[in-house]
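Note sheet for the following structure.
The values are calculated or read from the model by the stated rules, or taken from the named source; none is laboratory data. All values derive from a computational prediction rather than experimental measurement. Reconstructed Cβ throughout: ideal geometry from the backbone, glycine too, with neighbour counts over all protein chains shown. Just the protein is used for accessible areas: all its heavy atoms, side chains included, with ligands, DNA and RNA removed. Shrake-Rupley method; radii C 1.70, N 1.55, O 1.52, S 1.80 Å.
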Amino acid sequence: MFNSLSDRLTSTFKNLRTRGRLSEADIDATVREIRRALLDADVAVPVVREFTAAVRERALSSEVSGALNPAQQVVKIVNEELVDILGGATRPLTLAKAPPTVIMLAGLQGAGKTTLAGKLAHALKGQGHTPLLVAADLQRPNAVTQLSVVAERAGVPVFAPHPGNTSDADDPAADAPLIGDPVGVARDGVAFAKERQHDVVIVDTAGRLGIDQVLMQQAADIRAAVNPDEVLFVIDAMIGQDAVNTAKAFADGVDFTGVVLSKLDGDARGGAALSVAKVTGRPIMFASTGEKLTDFEVFHPDRMASRILDMGDVLTLIEQAEKAFDAEQAEKMAGKLASGQDFTLADFLVQMQQLKNMGSMKKMLGMLPGMAQMRDQLDQFDEREVGRIEAIIHSMTPAERDNPKIINGSRRARIAKGSGTTTTAINQLLERFENAQKMMRQMSKGGGLGPGGMPAMPGGPGMGMGMGKKSRGKTQPPKKAKKGKSGNPAKRAQQEKEAMQRALGGGPATSVSSAPAGSAFGVAPKKDETPDLSNLELPPGLEKFLGR
């Protein structure tokens, strides 16, 4: 979402780093570029003014003029101010002292409240909680059915005593018929949770296509009935400037305690994320980054600022790796390498599967510092390549996985047929695996990690695999052109003379490399001449080897 803003800011700071000292004109030009970048990203104008004013004031102070590297100090200032407008510090959920903790979701229709309810429940379940979803949206067609499906996928129960509006023909706007009592459903849902000992209740409420009095009144009534510990305002991160007005209206009408950004994986300019927290004074608590239930993360302002400035987000990457990687399997692999055993394709398959469990490879690689420079390669990256690698290795016999050197031409053809790929893909995988195997050997000998801190990975950007249709085949080196006859008469005569000698079985006329093997400096002994070794002095005991 922040690709355009990140590229603009990175370009600005790159030009700034070429200057040893920064004058006031340099700082003004930098601040001007930052202002343009933020406005192009659809950030609210008041937020842009406050941000650029703070950056300029700090950049003109002794904080920068006295720094050893003024350009890096300006980048540090921009990073700190970005963290400030994104909310400052990470804000966790406030859990009730006496369960259940009641969480109410509010927002416009289409913002993603129902899907987010399932994601939040799935995340809380993974932390050991027992969440319950309450279907209080009785107005939008099939909203209750959608919540039930999401709850089933998340593996959590749902309280839905009323089917709600089930007719697709009904208008979901403000004048659509209200079927059932959403306030009563929310109240009964909390009572049901206490009875069944659920420690978290997530109430999904109705939305509208726009702000109206009916929507606000219903949300306010539900809040008064259930007295929630958290009211989360779910907002579409792609709606731009209108996000500010919507957030202000909900802050006045419902008084939410936190913000959740949905669709943060979209290709919009992302101004909502940089505006809402500053305008409303409420922290951004969570972010939805995809369609899967696992595409949900806690919002860390400092990490998001680092992503925007192309500094990476290694901490989030490590956290995802800790969740996905099996500690027992990792310990087993480390013991195997320490004992001197070789890294096999079976081990490689296990690593590929664990990487796949971490989620989108594009997203993971994008969290590495400096990856904005490889954005074109990341865009061409084919997520299905890991599946192809799995199919290839599964098509091998156990002996072939343990010893890839036995894979000859006929075996390659069989593996390609069994995996639905080509022999070119088999060759590429074996080549990448050989590089990974070498790096693993270096690691076992204390040689350290390979480039990027990990072994070479098939399908990675710039590695010849998974970069789109054009790069699936192995790139062949250009064929050397045959030498034609020279236009220089002397050189041409020499070429004709050498060609004649080659035709007669001889070598080039005067070539040191044509000397017989064993001759020194190209001087050969005469034909059929046996060297005289009678006067050769040898150490005692070696004469018998010469027949003396």
If amide hydrogens are placed 1.01 Å from N in the peptide plane, which non-local residues have theirs closer than 5 Å to the one on residue 284?
259
Sequence order, region 36-42: Karplus ³J(HN,Hα) from phi using 6.51 cos²θ - 1.76 cosθ + 1.60, θ = phi - 60°, Hz rounded, Gly and Pro as x, gives 5, 4, 5, 5, 5, 7, 6
Return one whole number: the accessible area per residue of region 1-97 in Å², for a 1.4 Å probe.
54 Å²
Sequence-distant or interchain residues sharing an amide H contact under 5 Å with residue 142, placed H: which?
165, 166, 167
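I need the shape label for region 212-310. Rule: rounded when a/c is under 1.5, else prolate if a/b > b/c, else oblate, with a, b, c from the alpha carbon gyration tensor. Provide the component values of the computation, followed by the final result.
On the way: a/c = 1.95, a/b = 1.67, b/c = 1.17.
Prolate shape, in that a/c is at least 1.5 and a/b is the bigger ratio.
Please give me the summed charge of the neighbours of residue 417: other residues whose Cβ is under 15 Å from its Cβ, Lys and Arg +1, Asp and Glu -1. Don't skip to the answer; put the middle values down first.
Values: positive: 388, 411, 412, 414; negative: 400.
Summing Lys/Arg as +1 and Asp/Glu as -1 gives +3.
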What residues have an amide H closer than 5 Å to that of residue 159, excluding those fewer than 5 places away on the same chain, when H is modeled at 1.01 Å from N in the peptide plane?
133, 134, 135
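Report, to the nearest whole %, how much of the accessible area of region 24-96 belongs to carbon and sulfur atoms, 1.4 Å probe, protein only.
Numbers: 1800 of 3520 Å².
With neighbouring chains kept in place, the figure for region 24-96 is 51 percent.
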